[in-house]
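Single-structure report; data block below.
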Amino acid sequence: MALIVQKYGGTSVGSVERIQAVAQRVYKTVKAGNSLVVVVSAMGKTTDGLVKLANEISPNPNRREMDMLLSTGEQVTIALLSMALQELGQPAISMTGAQVGIVTEAEHSRARILHIETTRLSRHINEGKVVVVAGFQGTSSVGEMEITTLGRGGSDTSAVAIAAALKANFCEIYTDVPGILTTDPRLVAEAQLMDAITCDEMLELASLGAKVLHPRAVEIARNYGVPLVVRSSWTDQPGTWVTSAKPQGRSLINLEIARPVDAVEFDTDQAKVALLRVPDKPGVAARLFGEISRQKVDVDLIIQSVHEGNSNDIAFTVTTPILKRAEAVATAIAPALRSQSNPKSEEAEVMVEHNIAKVSIAGAGMIGRPGVAAKMFATLAEAGVNIQMISTSEVKVSCVVDANQCDRAVSALRTAFEIEAGEQGSRGAGEQGSRGEVAVSFSPLPLRPSAPLPNCPPVRGVALDLNQARLAIRQLPDRPGMAAKLFGLLAQHNISVDMIIQSQRCRVIDGVPRRDIAFTVSRIDGENAKKMLTQIAAELGWGEVVLDSAIAKVSIVGAGMLGQPGVAAKMFEALAQQQINIQMIATSEIKISCVVAQEQGVKALQAIHAAFELAGSEKFVVPA
Ligand code: ADP
Ligand code: ASP
Ligand code: MG
């Protein structure tokens, strides 16, 4: 007999008939000899409707009252589903988050789960009842008890957290698609179903806009090794398993906030090639990386910052042994890029830097926590380490620094994030003298992204995020502490930043070398962030603050792209063929993200999905 947690999303419980169908499935699962906790969302688009009501009264409703309002949606569903089960003769009981004891931070509208009481749940389960729990909600325990919500889409997180707390055999997420597909089937009907995907890949995909799973749910599944499957509530298809290594004995206290950073990684075997002043127009990145991949050069980080005038800078890192080849390609292609655009323009220039190191912090716990990147930058600043390049993914921040400062940077970061040199820490550092990982000694997590699943293509999925805005600050003084200051301020205002990119071009103004820095934020935070930064920029003598809300971020994800030359080139080429200009590029080991104009987002996604031949023969129709 297994203990299973099932979660049903909004569409799956969108009507009385749907709720009855869910009751039938639950009943069948119990009759097959299992115990069940069922987590449900609000019916259909109820939550959207409640948000709309609130906005008719106030453009900026009080967050406590908002939680009070939104938590009612799920309460309707739990009662109705329990009744439907009882009608079938199945004993069932509905419970709100507060009744279960889902204890969260006191942060309205985005609370993280601290712990889950299991006593009452277990008692009802042992009495043979199905417990139907309201997803997306909890209660704060500090001071007076308050109803909190976890953030939109948070019922997935409730379900996986309950599965972790109960040590359930597995957690099933029932939704309106047959599982995790290569992309959103609403945008590409031929998207293909996957049998399985690694937690690392899914974490990136979910964070980059694939809303089929809440990223925090994937994070919990990974941290606690909860077997997780996404399935259709309309069919009996097996769905998609999200795989993770089985970790041992992680505490269930401070479930979602235990440790934002799991590892400090470094690599001194790196060199940087930057092309300055390449034309800002479609096809340039495709040409450059196309040529690089033909020479079988595997690039690691790729960064393209915001344009300045009509030109861009693109930089990438490679391992030292292939630097010569990479440099030769870049030098050979630079004149062609120049003459193509405006022969009289300033020359595209190739800049190579040998003595660099990449230092990264990694950990799923940093998602949505703006203070973590800021703390990394502040730590490096305090250690007197200047940051040359920054590239981020949702679960990693990598900084390129001077190789001579690598040791200092790593030891400062270790102290700041309380990472002790563990078993694995001595690995690369001792053997190769160049690469290493310093991990929490008890950390059970794979430090590098887990290996790709067998027989999988290098790119598993493509995601589109239309909810971001881009901010750029011109001419920030290039000295230790500037990134720390900037992202510290944003963190203080609770603004999460995503892709952070520092320009390569350095200009001396008033005797001070200066660079631009650009990053993306949630669109709803864009105006606020701009207002706050414009004021600070005036006080501190920084340049202009520019906001662009009409952007889209399109990303590819796959553990198999590691060490595979040509993946980036193929993505850039697909965009070039559609005449789509790339405004920013940022990469991590298992993803590449490009910012493009908002109105080209869907076309970009479709072109990239086709270029990687991810389409299947079947078309998906998502139920209304
Ligand atoms: P639920 O209400 O069940 O939680 P959601 O609407 O939150 O459902 O998530 C399911 C939706 O996610 C699908 O209808 C689909 O449009 C969207 N989606 C986006 N990316 C993907 C993907 N890669 N695979 C499957 N679905 C996706
Ligand atoms: N009902 C909430 C929402 O619509 C939570 C969820 O469905 O996951 O965001
Ligand atoms: Mg959802």
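Give the residue that is nearest to V131 (Cα to Cα), with candidates limited to residues of region 36-72 that are more than 16 Å from ligand 3 (Cβ to nearest atom) and of a type in the set (D, E).
Taking the candidates together, the pick is D67.
Could you count how many residues in region 5-44 are of a type in the set (G, A, S), away from ligand 2 (no atom under 14 Å from the Cβ) and without any contact (Cβ under 8 Å) to a residue 40 or more places away in the chain? Give the derivation first.
Taking region 5-44 and keeping what is of a type in the set (G, A, S), we get 9-10, 12, 14-15, 21, 23, 32-33, 35, 41-42, 44.
If we keep only those that are away from ligand 2 (no atom under 14 Å from the Cβ) as well, we get 15, 21, 23, 32-33, 35.
Imposing the further condition that a residue be without any contact (Cβ under 8 Å) to a residue 40 or more places away in the chain reduces the set to 15, 32-33.
So the count comes out to 3.
Out of N169, N126, I need the residue that is surrounded by fewer than 16 Cβ atoms within 10 Å (Cβ to Cβ) and within 16 Å of W241 (Cβ to Cβ). Which one?
Checking each option against the conditions leaves just N169.
I'm checking my understanding of the structure. Among residues of region 490-526 that are of a type in the set (S, T, N, Q) and under 16 Å from M376 (Cα atoms), which one is surrounded by the most Cβ atoms within 10 Å (Cβ to Cβ)?
If we filter region 490-526 for residues that are of a type in the set (S, T, N, Q), which is where we start, we get 492, 494, 496, 502-504, 520, 522.
The next check asks that each one be under 16 Å from M376 (Cα atoms); those that pass are 492, 496, 502.
Details: Q492: 12, S496: 20, Q502: 23.
Among them, the one singled out is Q502.
Go through (1) part of a strand (DSSP E or B); (2) under 19 Å from S232 (Cβ atoms); (3) more than 16 Å from ligand 1 (Cβ to nearest atom) and name the single condition V38 misses.
Of the numbered conditions (1) part of a strand (DSSP E or B); (2) under 19 Å from S232 (Cβ atoms); (3) more than 16 Å from ligand 1 (Cβ to nearest atom), the odd one out for V38 is (3).
When you go through E573, E544 one by one, which is the residue that is open to solvent by 50 Å² or more (accessible area, probe 1.4 Å) and in contact with a Gly (Cβ under 7 Å, 6 or more places away or on another chain)? Give the derivation first.
Working: E544 fails: in contact with a Gly (Cβ under 7 Å, 6 or more places away or on another chain).
Only one candidate passes the filter, namely E573.
Taking region 154-196 on its own, how many of its residues are of a type in the set (D, E, K, R) and within 13 Å of ligand 2 (Cβ to nearest atom)? Let's see the steps before the verdict.
Residues of region 154-196 of a type in the set (D, E, K, R): 156, 167, 172, 176, 184, 186, 190, 195.
From the residues that got through so far, the ones that are within 13 Å of ligand 2 (Cβ to nearest atom) too are 156, 176.
Residues meeting the conditions: 2.
Hey, can you tell me all the residues within region 597-609 that are free of Cβ contacts under 8 Å to residues at least 60 places away in the same chain and open to solvent by 30 Å² or more (accessible area, probe 1.4 Å)? Can you show your working first?
Residues of region 597-609 free of Cβ contacts under 8 Å to residues at least 60 places away in the same chain: 597, 599-600, 603, 607.
Within region 597-609, E599, Q600, K603 qualify.
Can you spot a residue in region 64-71 that is open to solvent by less than 20 Å² (accessible area, probe 1.4 Å) and of a type in the set (D, E)? Walk me through it before giving the result.
Start the filter on region 64-71 by keeping residues that are open to solvent by less than 20 Å² (accessible area, probe 1.4 Å), which leaves 67, 70-71.
Retained after the next criterion (residues that are of a type in the set (D, E)): 67.
The answer is yes; a qualifying residue exists.
At least 2 residues that are surrounded by fewer than 18 Cβ atoms within 10 Å (Cβ to Cβ) in each: list the helices (runs of 4 or more DSSP H) lying fully within region 194-312 that qualify.
Once the helices (runs of 4 or more DSSP H) in region 194-312 are filtered for at least 2 residues that are surrounded by fewer than 18 Cβ atoms within 10 Å (Cβ to Cβ), what remains is 284-294.
Among the residues of region 165-215, count how many are without any contact (Cβ under 8 Å) to a residue 40 or more places away in the chain and within 8 Å of ligand 1 (Cβ to nearest atom).
Total meeting the criteria: 1.
With V22, V5 as the choices, which residue is within 28 Å of N169 (Cα to Cα), outside any helix (DSSP H, G or I), aliphatic (A, V, I, L, M) and within 16 Å of ligand 3 (Cβ to nearest atom)? Spell out the reasoning first.
Working: V22 fails: outside any helix (DSSP H, G or I).
Just a single option satisfies the conditions, and that option is V5.
If we keep just the residues of region 553-594 that are part of a loop (DSSP other than H, G, I, E, B) and of a type in the set (A, V, I, L, M), which is farthest from the chain's Cα centre (by Cα)?
Filtering region 553-594 down to residues part of a loop (DSSP other than H, G, I, E, B) leaves 558, 562-566, 578-583, 589-590.
Filter once more, so that each one left must be of a type in the set (A, V, I, L, M): 562, 580, 582, 590.
Working: L562: 18, I580: 24, I582: 20, I590: 12 Å.
Restricting to residues being part of a loop (DSSP other than H, G, I, E, B) and of a type in the set (A, V, I, L, M), the top hit is I580.
Kindly evaluate D516 against the criterion of being under 30 Å from A191 (Cα atoms) and charged (D, E, K, R). Break it down into steps so the answer makes sense when it comes.
Values: under 30 Å from A191 (Cα atoms): no; charged (D, E, K, R): yes.
For D516, the condition - under 30 Å from A191 (Cα atoms) and charged (D, E, K, R) - is not met.
The values are calculated or read from the model by the stated rules, or taken from the named source; none is laboratory data. In this text the structure is predicted, and so the values were computed from the model without any measurement. All Cβ positions, glycine included, derive from the backbone under ideal geometry; neighbour counts span all protein chains shown. Only protein heavy atoms, including side chains, enter the accessible area calculation; ligands, DNA and RNA are left aside. Shrake-Rupley method; radii C 1.70, N 1.55, O 1.52, S 1.80 Å.
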